[in-house]
Amino acid sequence: MGDGQRAMSDLNLHQRVSNELLPRVEHPAQYIGGEVNQLVRPGDWQQAEVRVAVAFPDTYKIGMSHLGCQILYWLCNHTPGVCAERVYSPWIDAEKVMRGRKIPLFTWDTRQPVADADILAISLQYEMCFTTVLNLLDLAGVPLRASERDDSHPLVICGGPQADNPEPMADFLDLVVIGDGEHALAAILDAYAEFKRGGVRRREMILLLARRFPWIYAPNLYEPSYHADGTLRALTPRHEGLPTRIDRCKTPDFETAPFPKRPILPWTPVVHDRVSIEIMRGCPQVCRFCHAGYTKRPLYYRTVEQVLEIAEEAYWATGHDEIGLLSLSTADYPLLPELAARFNERFGPRQVNMSFPSLRIDRMLRHIPWMGNSVRKGSITMAVEAARDDMRAAIRKKVTDGALLDGVREVYKAGWNRVKLYFMSGFPGERDEDIFGIWEIANAVSRERCRLHKPAADVNASVGWLVPKPFTPLQWMAQPRLEYFLEVREKLRRLAGKGSRGPVVVDGGMGGYASAREMMEDGGESAYFDPQNSGGRWGGKRSNVKITTHHPQRSILEGVFARGDRRLGAVILEAWRRGARLDGWDECFNFLIWQQAFEAAGVDPAFYAHRERRFDELLPWDHIGLHMRRGYLEESYEDMFVALGQTGKARGGQGARGTARPMSRGAS
């Protein structure tokens, strides 16, 4: 297509979005682009040597809150010769209009066809975004399978947490970036421009990129083979010069890494409507279940001066009155006392607040008194994970009941009256006491405020279901089955229902019962719940404690794809064809579709979710570089069972510890 034809086509698409799409959808402002601090202007796309569509496979409301995509967008548009525009998933009403009127997926900034990009960069943040990735490709007119694309199609490059095991999506991805995206994308842009000027064709470019950069993985250049029992036998490169192990890209200097100091201001409400600053990357804690704790290494952090500089410029560029200080464990940021004091001095008079994600309890509580008025006194979040000290010790969550209660007392003294507690169910060796303890510790946290002669605090206990992740000591364990999670959910529902018999401040929040077990043993009718899709939220009208649970069905699917291989690609494709997309949304998630997709593809999900692996099994992600020794993870897995008094139960399925086979260089 010539430049004149392309300009006419671009103008036509712009008009069609305005005239045919926007009047027919709810919340049309989320599709219009042109926000304050948008970097792209009309004409930039056409003049660029390299055009990049930075896509987040979820809605504008979610994607605009994602700091990583804003960083990549900023980096691209500050690279000479490069133009990057943003792409999000349309909501279901907009998709219906776009398909009905044949409007292709467009970029948000100036409404360019996504198919015209040189690179389509997609962030894989969550297992349940996989069908949405396929939906974006299809709406853009890009063939779903990488093997079916030609020189007219953009390179589909993915990164993010789920890229650490890209095998379930291998059929659909041209390239996968392992590790930190800023440094990797900058190098890819330079190489792509070089190859484009040299007339290198698409397939050769993929091969050259995979050979040049040790942190790039091209899934379709590798061939898997399997044993008779279904386990992976080998992953063999199809060409000479390809690595048998993919390294991780590490940011060489986090202090000077690209960062958007003038973040885009969304037109509509988003999940995190604030300035977000990543003050530290990585986590010094090594909780046995935490994927990020093992993969985000080494530990980097920004200086106080740089954080304040970013905050100052972002404040004047946005007018936000809240600045979020983000990391995996903000309380472990070594300069937090100084940062909080200087932040309060600078921003306190302007009524600008700092906010934190979930904080580690022991460190956080020492900081509460001197945080002063710079922290908004809304709800404060604490990640407890397990309800009993011994289980927390087993999973290496270094929190005790005593530290928790001492901590919330300081929180209440500082002015908070609402607390959110995160728990997880499904750890090995979990007992009824661990389940009942969720309700008991939540009530204890609520009642602790009464010690200050104040009403009991409002506590929301959020319970998620364990999803064993690659590169953690739990990567070998069998995820509990759906029936177990449903049973736990019902116990929690009954506890919450009986706990509403009396106000917490009077009788301890358990309706006169001495313990949660006594409350359960008293019996009671169960309320109806939807066995297909339902999560849950319970708590009596007079109770200060509410319990919410995640969808157990969705967590089972997460467990399948987190540790899956590329045979799951057929399941993902079949589920998408049956209507699955935006599976992270309750309005869209349909477990029945996924059950039908597994059956149609002839794949047993239990093989991936509910099977304990042997230590000598070659895992689908073993070709991806790991910061920690595999032997360390094996020892940590065994140590967890020792801590629970279950010696001999953690032997990788059968017994003796073994060493996984390396990725084969040839067919075997």
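With A84, A117 as the choices, which residue is in contact with a helix residue (DSSP H, G or I) (Cβ under 7 Å, 6 or more places away or on another chain) and surrounded by 24 or more Cβ atoms within 10 Å (Cβ to Cβ)?
That would be A84, the only listed residue that is in contact with a helix residue (DSSP H, G or I) (Cβ under 7 Å, 6 or more places away or on another chain) and surrounded by 24 or more Cβ atoms within 10 Å (Cβ to Cβ).
I'd like the full set of residues that are assigned to a loop (DSSP other than H, G, I, E, B) and among the basic types (K, R), limited to the range 82-110.
R101, K102
Out of (1) of a type in the set (F, W, Y); (2) surrounded by fewer than 24 Cβ atoms within 10 Å (Cβ to Cβ); (3) under 18 Å from V142 (Cα atoms), the odd one out for W74 is which?
It fails just one condition, (3).
Return yes when I323 is in a helix (DSSP H, G or I), buried (at least 18 other Cβ atoms within 10 Å of the Cβ) and either among the charged types (D, E, K, R) or modelled with pLDDT of 90 or more (or both) and no when it is not.
When the stated conditions are applied, I323 does not pass them.
Please list, ordered by first then second residue, the pairs with beta carbon atoms under 8 Å, 6 or more apart or interchain, first in the range 384-403 and more than 18 Å from C283 (Cα to Cα) and without any contact (Cβ under 8 Å) to a residue 12 or more places away in the chain, second among the acidic types (D, E) and buried (at least 16 other Cβ atoms within 10 Å of the Cβ).
Filtered contacts from the range 384-403: T400/D389.
Considering each residue of the range 600-614, count those that are over 10 Å from G559 (Cα atoms) and hydrophobic (A, V, I, L, M, F, W, C), and give that number.
4
Taking F436 as meeting all but one of (1) assigned to a helix (DSSP H, G or I); (2) without any contact (Cβ under 8 Å) to a residue 60 or more places away in the chain; (3) not acidic (D, E), write down the number of the exception.
(2)
Is it fair to say T79 is over 17 Å from H153 (Cα atoms), part of a loop (DSSP other than H, G, I, E, B) and touching a His at 6+ places or on another chain (Cβ under 9 Å)?
No: the conditions fail for T79.
Checking D190 against (1) closer than 26 Å to F607 by Cα; (2) modelled with pLDDT of 95 or more, which test does it fail?
Going through (1) closer than 26 Å to F607 by Cα; (2) modelled with pLDDT of 95 or more one by one, D190 breaks only (1).
Could you run through the range 111-129 and say how many residues are assigned to a strand (DSSP E or B) and either of a type in the set (K, R) or over 15 Å from I157 (Cα atoms) (or both)?
Count: 1.
Could you tell me which residue of the range 309-320 is nearest to P266 (Cα to Cα), considering only residues that are touching a residue at least 40 places away in the same chain (Cβ under 8 Å) and buried (at least 17 other Cβ atoms within 10 Å of the Cβ)?
The selected residue is T318.
Where residues in the range 364-395 are assigned to a helix (DSSP H, G or I) and in contact with a Leu (Cβ under 8 Å, 6 or more places away or on another chain), which of them is modelled with the lowest pLDDT?
Only one residue fits best here, namely H367.
Within the range 54-71, how many residues are out of contact with any Pro (no Cβ under 7 Å at 6 or more places or on another chain), in a loop (DSSP other than H, G, I, E, B) and crowded, with 22+ Cβ neighbours inside 10 Å?
3
Mind checking which residues of the range 172-204 are more than 12 Å from C249 (Cβ to Cβ) and buried (at least 20 other Cβ atoms within 10 Å of the Cβ)?
F172, L173, D174, L175, L189, Y192
Is it the case, given these coordinates, that Q46 is surrounded by fewer than 20 Cβ atoms within 10 Å (Cβ to Cβ) and more than 21 Å from L265 (Cβ to Cβ)?
yes
If you take the residues of the range 217-252 that are in a loop (DSSP other than H, G, I, E, B) and under 24 Å from the mean Cα position of the chain (by Cα), which of them is surrounded by the fewest Cβ atoms within 10 Å (Cβ to Cβ)?
The selected residue is P252.
Name the residues in the range 147-161 that are touching a residue at least 60 places away in the same chain (Cβ under 8 Å) and either over 18 Å from L221 (Cα atoms) or touching a strand residue (DSSP E or B) at 6+ places or on another chain (Cβ under 7 Å) (or both), would you?
P154, G160, P161
I need the full set of residues from the range 405-433 which are among the hydrophobic types (A, V, I, L, M, F, W, C) and either at pLDDT below 90 or surrounded by fewer than 21 Cβ atoms within 10 Å (Cβ to Cβ) (or both), in order please.
Result: L405, V408, V411, A414, W416.
Which one of these is closer than 29 Å to M424 by Cβ, part of a helix (DSSP H, G or I) and among the hydroxyl-bearing types (S, T, Y): Y315, Y294?
Step by step, each of Y315, Y294 is checked, and only Y294 is closer than 29 Å to M424 by Cβ, part of a helix (DSSP H, G or I) and among the hydroxyl-bearing types (S, T, Y).
Can you say whether L124 is touching a Gly at 6+ places or on another chain (Cβ under 8 Å) and closer than 23 Å to L209 by Cα, as far as the supplied structure shows?
Yes: the conditions hold for L124.
Kindly indicate which of R392, R409, R418, R396 is of a type outside the set (A, V, I, L, M, F, W, C) and under 23 Å from K491 (Cβ atoms).
R392
The values are calculated or read from the model by the stated rules, or taken from the named source; none is laboratory data. All values derive from a computational prediction rather than experimental measurement. Positions of Cβ are generated from backbone atoms using ideal geometry, with glycine treated the same way; all protein chains shown enter the neighbour counts.
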